[in-house]
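Notes for the one structure printed next.
The values are calculated or read from the model by the stated rules, or taken from the named source; none is laboratory data. Since the model is a prediction, treat every value here as computed from it, not as a measurement. We place every Cβ from the backbone using ideal geometry, glycine too, and count neighbours over all the protein chains shown.
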Amino acid sequence: MNKKVMLGCGGLLAIVVLIAVILAVTGIGYYNSMVKMEQEVISGWSQVENVYQRRLDLIPNLVETVKGYAKHEASTLEAVVEARAKAGGMVNISREALENPETLKKFNEVQGNLGSALQRLMVVQEQYPDLKANQNFMDLQSQLEGTENRIAVERRNYNTKAQDYNTYIKTFPKNLLAGSFGFKEKAYFEAQEGAEKAPQVKF
């Protein structure tokens, strides 16, 4: 084999190796970015779970406080307790469920039902002036209002992180790697019917 052919083969091999190294480094960079962004989505979801759990934790104290003043509102109190029980079973859902829009929709509906039951409970207080003046009730009201605001903020943050992640894994050439490594699109929170009116917690 003459020297020119050997040098040509060596140069070609060097170019192929260089291209392979560049592709590998680029692929590793894309993969690491997908992992990082997916972890941000999971972290965002954890914050959503935290604020919904906070709301669940406030409800027993709220129900007990109202019960002391509004003994004739048993059906309203029972509706809140029942809605809380259903919502409690759906606060911590699996990470895989974030890839299923139907699961997230069901989660949203259950939490929405709890919000509706709480709104009905809050209307009750209008009939009980002593309850409205109760310091414990006022403190719970303030905490519940703050929690409802946090829920809205954390849901928005989660959606933003999910959108960034989904956009990243769907763009070429990352979409080729995403499918190979099992990165799947995350579901979004969607507004429920009537969500254009912000929930009001009035005491």
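A few points about this structure:
- Asp139 being among the acidic types (Asp, Glu), modelled with pLDDT of 95 or more and part of a helix (DSSP H, G or I): no
- Residues of segment 103-145 classified as within 24 Å of the chain's Cα centre (by Cα), surrounded by fewer than 19 Cβ atoms within 10 Å (Cβ to Cβ) and without any contact (Cβ under 8 Å) to a residue 60 or more places away in the chain, total: 6
- Condition met for Glu148 (at pLDDT below 90 and not β-branched (Val, Ile, Thr)): no
- The conditions of being out of contact with any strand residue (DSSP E or B) (no Cβ under 8 Å at 6 or more places or on another chain), under 30 Å from Gly27 (Cβ atoms) and not charged (D, E, K, R) are met by Leu177.
- Some residue of segment 109-117 being β-branched (Val, Ile, Thr), under 24 Å from Tyr165 (Cβ atoms) and either touching a helix residue (DSSP H, G or I) at 6+ places or on another chain (Cβ under 6 Å) or modelled with pLDDT under 90 (or both): no
- Some residue of segment 57-79 being under 23 Å from the mean Cα position of the chain (by Cα) and at pLDDT below 85: no
- Selected residue (only one of Ala152, Ala79 is free of Cβ contacts under 8 Å to residues at least 60 places away in the same chain, within 20 Å of Gln53 (Cβ to Cβ) and in a helix (DSSP H, G or I)): Ala152
- Residue list for segment 172-190, restricted to those being modelled with pLDDT of 90 or more, part of a loop (DSSP other than H, G, I, E, B) and surrounded by 11 or more Cβ atoms within 10 Å (Cβ to Cβ): Pro173, Phe183, Lys184, Glu185, Lys186, Ala187, Tyr188
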